[in-house]
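Here the structure comes first, spelled out in structure tokens, and everything after it is commentary.
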Amino acid sequence: MRPAPPGTERELLERAVALAGLTLQQVAGRIGWPCPPDLRRNKGWSGQLLEEVLGTDAGSLAEPDFRTLGVELKSLPVDARGRPRESTYVCTVPLESSAGSWEDSWVFNKLRRVLWIPIEADPAIPLPRRRVGAPLLWSPDPRQEALLRRDWEELMDMVCLGELERITAHHGSVLQIRPKAADARALTWGVDASGDRVLTTPRGFYLRSRFTAEILQQHYIIP
């Protein structure tokens, strides 16, 4: 049974701590979910499992997963050395709206308070046997927020100027924009350099793995 949303950060952290050391199969068993053998046809399953077990309440809204607490949940696949294996999705890129301010952005809203939960992602370990790591409640320090803000402002300037097609994964030191679509045929409206509406591939903001690796290095003992 899906639990009610946690009422406080402490309650949320206690729930997450209770999962540390369990395998994904054990966590799934708590709510009666079957554990798939792998993620080839179940991309995002681990994150969805944590959302269900911990009681998120934002649904598909562009708000932190735990709305009443203002906390975003991010599972973080890590290798055998405890290092992130991939970049971390933050949110979709608003392609037709003006940039506005950093403090009003979806990225800021999602990243000002994050519950990170590392999950083993070594390909040698079968998915059901992969363990959940110790959680971390995190907010960016002033230097990290400055880096995020700078990248966001530069990237959104390009989006608003109709330079979306010029943006590559090489832009941004800690935050990047990449295509995000379950189906390559999926399109959404954007704006070109002339200010005209054009159909384009949906984009998402992602944290570079070196940025999340730094977060782990600051708070965990990483060999």
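With respect to (1) closer than 17 Å to residue 137 by Cα; (2) among the charged types (D, E, K, R); (3) free of Cβ contacts under 8 Å to residues at least 60 places away in the same chain, the lone exception for residue 30 is condition (1). Scanning the stretch 51-86 for residues that are on the phi > 0 side of the Ramachandran plot and free of Cβ contacts under 8 Å to residues at least 60 places away in the same chain, we see that the one that is surrounded by the most Cβ atoms within 10 Å (Cβ to Cβ) is 55. In the stretch 124-147, the residue that is nearest to residue 36 (Cα to Cα) out of those that are assigned to a helix (DSSP H, G or I) and among the charged types (D, E, K, R) is 129. Restricting the stretch 7-50 to residues that are charged (D, E, K, R) and more than 22 Å from residue 125 (Cβ to Cβ), the residue that is surrounded by the most Cβ atoms within 10 Å (Cβ to Cβ) is 15.
For residue 4, state whether it is more than 18 Å from residue 129 (Cα to Cα), at pLDDT below 95, aliphatic (A, V, I, L, M) and in contact with an Asp or Glu (Cβ under 8 Å, 6 or more places away or on another chain).
Working: more than 18 Å from residue 129 (Cα to Cα): yes; at pLDDT below 95: yes; aliphatic (A, V, I, L, M): yes; in contact with an Asp or Glu (Cβ under 8 Å, 6 or more places away or on another chain): no.
Here the answer is no, as residue 4 does not meet what is asked.
Checked against (1) within 19 Å of residue 19 (Cβ to Cβ); (2) in a loop (DSSP other than H, G, I, E, B), residue 61 passes all but a single condition, namely (1).
To keep it simple, each residue is scored yes or no on (1) more than 30 Å from residue 27 (Cβ to Cβ); (2) not hydroxyl-bearing (Ser, Thr, Tyr); (3) not in a helix (DSSP H, G or I).
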site: 122; (1), (2), (3): no, yes, yes
site: 149; (1), (2), (3): yes, yes, no
site: 152; (1), (2), (3): yes, yes, no
site: 162; (1), (2), (3): yes, yes, yes
site: 177; (1), (2), (3): yes, yes, yes
site: 216; (1), (2), (3): no, yes, no
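The values are calculated or read from the model by the stated rules, or taken from the named source; none is laboratory data. Computed from a predicted structure; not experimentally measured. Ideal geometry is used to build each Cβ from the backbone, glycine not excepted, and the neighbour counts take in all protein chains shown.
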